[in-house]
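Take a look at the structure set out below.
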Amino acid sequence: MESSTLPPDASPRTTAADLVPARVLKGLALLLALLVNLFLPWGIATTTRPLEVVLGAAATGAKVALLGVVLAIFEVFVAKLRLFRVPELLAASFVLAFLAVTASFFLT
């Protein structure tokens, strides 16, 4: 990894968890909790009984964790798609460069 991609206070052994601030993770967890309870409302506590509240919190936590895993898998898939698209872009740029050189050779 290049040193220019790291923050100034990061060492080469810095993990990804160290680079993501806790407030960003809290915001993502809150957004995922809102989304999961909006579209999958099962397990939400309807009364204030302690057992029901604990079960509701556990259900919400499990749904957020599952949605987080799905989001991570989707992010990896999209990143791999971008990586596999690089050779096609390089081939297209080579063809365009070749056409430009050929055109400049014949037109001058």
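Computed about the Cα centre, the dipole magnitude for segment 15-107 is approximately 120 debye when only Lys and Arg (+1) and Asp and Glu (-1) carry charge, each at its Cβ. Per-residue extension of 0.36 nm, minus the Cα-Cα distance of VAL53 and PHE98, leaves a gain of 9.5 nm for this segment. With R₀ fixed at 25 Å, the C-beta to C-beta distance from ALA33 to VAL86 puts the FRET efficiency at about 0.10.
Read-outs throughout are calculated quantities, based only on the coordinates presented, and are distinct from any laboratory measurement. Remember, it's a predicted structure, so these values are computed and weren't measured experimentally. All Cβ positions, even for glycine, are placed from backbone atoms using ideal geometry, and neighbour counts span all protein chains on display.
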